[in-house]
Amino acid sequence: MLKLVTHDIETPQEQARASTPDELLIRVAQADRVAFAELYDQTAPRVMGLIKRLLKDHSQSEEVTQEVFLEIWQNAARFDTTRGSASSWMLTMAHRRAVDRVRASQAGRDRDLKIGVRDLEPGYDSVTESVEIRIEHERVERALGRLTELQSQAVRLAYYGGYSHSEVAAMLGVPIGTVKTRLRDGMIRLRDEMGVAS
């Protein structure tokens, strides 16, 4: 006669109650590999989705996602539950990594452009236009650098990342009203920094 061993079988309540990313990240900080695997399974699609929205390229997105999860493993002890949720901490990290990759790609394109400009005949209109666009981009970057960190973060997510106010609020772990205030104040300050008449 077969005996059923019940202590190895999870109850439906135990199966339904998965650990939250916050709980898992705390365990990851203690080098818990099982918690890291579960955290990865829960959050990788969202992290990859955010990165892919910024990079567009699938293989680069996979590469940056791996870098983000390596950074999460190495820096989980720095996560502070009083400053926001694990998800917003991870998504902010992913966003920064993706932006860094975009900037590195842009620097490569700029370098290629400079080499290409030397080889072109002077007076070619598309070169002038490219330079003007780059100069304007640099002006915007300088102006963004003069915003507070909170304003800059909200503006970059909403305008560079293309996220809605509610998505930005979820990513930063703050109320939507706070996001709207940061965006409004940031845009007013940007307008002033750029010398644009209202």
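The values are calculated or read from the model by the stated rules, or taken from the named source; none is laboratory data. A quick note: this is a predicted structure, and the numbers were derived from the prediction, not measured. Reconstructed Cβ throughout: ideal geometry from the backbone, glycine too, with neighbour counts over all protein chains shown.
Reported count of residues in segment 149-173, each being over 20 Å from ARG97 (Cβ atoms) and free of Cβ contacts under 8 Å to residues at least 24 places away in the same chain, is 4.
Among the residues of segment 154-174, just one is out of contact with any helix residue (DSSP H, G or I) (no Cβ under 6 Å at 6 or more places or on another chain) and farther than 16 Å from ARG53 by Cβ, namely VAL174.
Check TRP89, TRP73 and return the single one that is within 17 Å of ALA154 (Cβ to Cβ) and surrounded by 15 or more Cβ atoms within 10 Å (Cβ to Cβ).
Numbers: TRP73 fails: within 17 Å of ALA154 (Cβ to Cβ).
Unique residue meeting the criteria: TRP89.
Do we have THR43 as assigned by TED's automatic domain parsing to the domain that holds GLU23, part of a helix (DSSP H, G or I) and in contact with a helix residue (DSSP H, G or I) (Cβ under 9 Å, 6 or more places away or on another chain) here? Considered against the rule, which asks whether it is assigned by TED's automatic domain parsing to the domain that holds GLU23, part of a helix (DSSP H, G or I) and in contact with a helix residue (DSSP H, G or I) (Cβ under 9 Å, 6 or more places away or on another chain), THR43 comes out as yes.
Please go through segment 128-155 and give me each residue that is hydrophobic (A, V, I, L, M, F, W, C), under 30 Å from LYS180 (Cβ atoms) and part of a helix (DSSP H, G or I), ordered by number. Please lay out each step first, then the result.
Initial filter on segment 128-155 (hydrophobic (A, V, I, L, M, F, W, C)): 131, 133, 135, 140, 143-144, 147, 150, 154-155.
Those still in the list that are under 30 Å from LYS180 (Cβ atoms) too: 133, 140, 143-144, 147, 150, 154-155.
Across segment 128-155, the qualifying residues are ILE133, VAL140, ALA143, LEU144, LEU150, ALA154, VAL155.
Within segment 156-180, if we keep just the residues that are of a type in the set (Ser, Thr, Tyr) and in a helix (DSSP H, G or I), the residue that is farthest from the chain's Cα centre (by Cα) turns out to be THR178. Considering every residue within segment 39-52, establish whether at least one is exposed (fewer than 15 other Cβ atoms within 10 Å of the Cβ), out of contact with any Leu (no Cβ under 8 Å at 6 or more places or on another chain) and basic (Lys, Arg). No, the conditions are met nowhere in segment 39-52. A count restricted to segment 76-86 and to residues that are out of contact with any Gly (no Cβ under 9 Å at 6 or more places or on another chain) and either surrounded by 18 or more Cβ atoms within 10 Å (Cβ to Cβ) or at pLDDT 90 or above (or both) stands at 5.
Given the condition of a type in the set (Gly, Ala, Ser), at pLDDT below 90 and assigned to a loop (DSSP other than H, G, I, E, B), answer yes or no: does some residue in segment 101-118 qualify? Scanning segment 101-118, I find no residue that is of a type in the set (Gly, Ala, Ser), at pLDDT below 90 and assigned to a loop (DSSP other than H, G, I, E, B), so the answer is no.
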